[in-house]
Amino acid sequence: MIGAAIRHLVLGGTRSGKSRHAERLVAASAGPVVYVATGGASDPELAERVATHRDRRPADWLTAETTDLADLLASAPPAAAVLVDDLEGWLVARMTAHDLWTDDEVAPLGADGRAAVAAVLEDAARWWQLAASRLGPTVVVAGRPGEGVTPLGAATRRYVDLHGEVTELLSRTADRVDLVVAGRALPLPAPLAAPTVAADLREHGDTQVPDDCVDLAVNVLPGPPAWLHEHLAATLDDLAAYPDDTAARDAVARHHGRTRDEVVVLDGAAEGFWLLPALRPTLAACVHPGFTEAEAALRAREVPVVRVQRDPRDWRLDPTAVPDAADLVVLGRPDNPTGAVDHESVIAQLCRPGRTVVVDEAFTDLLPDATGLAGRRDLPGLVVLRSLTKVWGLAGLRVGYLVAPAATAARLAADRQPWSVSTPALAALEHLLTREPERRRRAEGVAADRAHLLGLLRDLPDVEVWDGAANFLLLRTPLPDLRERLLAAGFAVRRGDTFPGLDASYVRVAVRPPEVSDAFVVALRHNLDRQVLT
């Protein structure tokens, strides 16, 4: 049986049995079936073929004759299985719409032709993205016109080439690809090896703090309050039982006005980034400078990634800078390392049907109002990640969660191992969500300490610093070796050059109590003064 939201590509030559195989697949689905015919009966022979196909289909299947696959997928019943048979009719229609046919034997594409090919591929990417956002499965049947006789004429070559590019595009992010030969379906394997991920993308502040240094690299408040110690200790009597996340998911749902099936409890919010490849994006846009684990996870699963840079003057995000073809967008709010908080209207401009927008709200608990975007059900495709690590000092417990439309949440959780989150972590999540007054006091304390540090830094010459909304500040100096100089003085700050878009002149500094910030600024001033003297 096909699972929900699966994208399935069926390939086969003429009379290979590919259509019968696809029909069996959708017949095994739980919901209704929409059969999409992309070609019509243009002559008596084709009419006979169409009738043969129609006669073997169950009477309760809905039939749609259209080449507007984006509109069909957007309007079909959400839980229906959609069978597109065949891809060739759609491609012929799109080539006609983009004026790609020619009677010439030799006809280079030229600039206009290349633009038309790109438009066809973008059309394909768009409806394939919409297929990923549905509850029900989508099965696409495609022939293999590139086999056999060498094509003659420019029009045929264009058709064969473009057909190959479209099927490759679909295959790259399909959940399953079958090759049908003589009525037998052969599932095609996934890529054998994942690409190497740049080491800098896996570099985080916890690896940058020598034992003899003051930690200004890790953005976690001091350990959990005493009452939480006691509560966690009480859960140890239950460790013989397997964890049950039902109560924790219900607590998150109540907290954000969601339903349980819209919540996935995570082994730390960072786990959520490693679930994103399950969405099979065709192109991911990662907003930078930003937390790099999302890009690392996507590249490790061979998802194409484009980087979108914030404006370095104030770190604002221009939503129009995100490519229209991107069906997955990842950004932080507040952003790490800049501390910027994008207005909700910016996020709204990014959201649309067929696109998933992932907002990392790991630092939202440090805002005066920690509501964030997790309660927004009106923004299509919005996924929000939350963490309890930062404000409660729980990095070692690994507890977080995500909220998303139910179909997206189910897809993200489908390939996880069972019992991913421990009983103590679930208990912490359930109870910390009820401690809003204490969370607010902690956030207010961080805000006061941040204002103190910001004031000290702004009094220093040659220091560019940006006001942020979390428990860190990003600053820039003329010293590319500032981090090494500060290590020699006993202070470990976070490297800036591992964030795409920044270089070694940037460092991120954690907010600490005033006495620690005072000592740090003395060391910073000393190194800046030495630089002036030399």
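The values are calculated or read from the model by the stated rules, or taken from the named source; none is laboratory data. In this text the structure is predicted, and so the values were computed from the model without any measurement. Here the Cβ positions follow ideal geometry from the backbone for every residue, glycine too, while neighbour counts run over all protein chains shown.
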Near pairs, Cβ below 7 angstrom, 6+ apart or cross-chain, from segment 16-38 (in the same structural domain as Trp61 (by TED's automatic domain parsing) and without any contact (Cβ under 8 Å) to a residue 60 or more places away in the chain) to any residue that is of a type in the set (D, E, K, R) and not in a helix (DSSP H, G or I): Tyr35/Arg57; Tyr35/Asp85; Val36/Asp85; Ala37/Glu65; Ala37/Asp85; Thr38/Asp86
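Assigned by TED's automatic domain parsing to the domain that holds Pro337, among the small types (Gly, Ala, Ser) and in contact (Cβ under 8 Å) with a residue 12 or more places away in the chain, is that true of Ala470?
Criteria not met by Ala470.
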Selection count where residues are closer than 18 Å to Leu275 by Cβ and under 16 Å from the mean Cα position of the chain (by Cα), scope segment 368-405: 12
Residue in segment 311-322 that is of a type in the set (Ser, Thr, Tyr) and under 28 Å from Pro418 (Cα atoms) present: no
Odd one out for Leu412 among (1) farther than 30 Å from Pro137 by Cα; (2) in contact with a Leu (Cβ under 6 Å, 6 or more places away or on another chain); (3) among the hydrophobic types (A, V, I, L, M, F, W, C): (1)
Only listed residue being out of contact with any helix residue (DSSP H, G or I) (no Cβ under 9 Å at 6 or more places or on another chain) and part of a helix (DSSP H, G or I), chosen from Asp250, Asp237, Asp261: Asp237
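Yes or no, residue by residue, for (1) at pLDDT 90 or above; (2) closer than 19 Å to Gly381 by Cβ; (3) part of a strand (DSSP E or B):
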| position | (1), (2), (3) |
| --- | --- |
| Gly272 | yes, yes, no |
| Leu275 | yes, yes, no |
| Ala285 | yes, yes, yes |
| Phe291 | yes, no, no |
| Ala294 | yes, yes, no |
| Ala297 | yes, yes, no |
Residue count, segment 331-350 (criterion: buried (at least 18 other Cβ atoms within 10 Å of the Cβ) and in a loop (DSSP other than H, G, I, E, B)): 10
Top-ranked residue in segment 203-252 [being hydroxyl-bearing (Ser, Thr, Tyr) and at pLDDT below 85; ranked as surrounded by the fewest Cβ atoms within 10 Å (Cβ to Cβ)]: Thr207
Single unsatisfied condition, Trp127 versus (1) of a type outside the set (A, V, I, L, M); (2) more than 30 Å from Pro380 (Cβ to Cβ); (3) surrounded by 19 or more Cβ atoms within 10 Å (Cβ to Cβ): (2)
Per-region count, segment 401-455, residues in contact with a helix residue (DSSP H, G or I) (Cβ under 6 Å, 6 or more places away or on another chain), in the same structural domain as Glu230 (by TED's automatic domain parsing) and among the β-branched types (Val, Ile, Thr): 2
Lone qualifier among Val463, Val509 - being closer than 16 Å to Gly205 by Cβ and hydrophobic (A, V, I, L, M, F, W, C): Val509
Matching residues, segment 441-480, being of a type in the set (D, E, K, R) and more than 34 Å from the chain's Cα centre (by Cα): Arg458, Asp459, Asp462
Flag if Thr63 is surrounded by 11 or more Cβ atoms within 10 Å (Cβ to Cβ) and either in contact with an Asp or Glu (Cβ under 7 Å, 6 or more places away or on another chain) or outside any helix (DSSP H, G or I) (or both): yes
Search result, residues across segment 410-422 that are buried (at least 21 other Cβ atoms within 10 Å of the Cβ) and touching an Asp or Glu at 6+ places or on another chain (Cβ under 8 Å): Val421
Condition check for Asp342: over 23 Å from Arg495 (Cα atoms) and either at pLDDT below 95 or assigned by TED's automatic domain parsing to the domain that holds Ser75 (or both): no
The one condition in (1) assigned to a helix (DSSP H, G or I); (2) under 30 Å from Leu475 (Cα atoms) that Arg386 fails to fulfil: (1)
Those residues of segment 486-520 which are in contact (Cβ under 8 Å) with a residue 40 or more places away in the chain and among the charged types (D, E, K, R), in sequence order: Arg494, Arg495, Asp497, Arg508, Arg512, Asp518
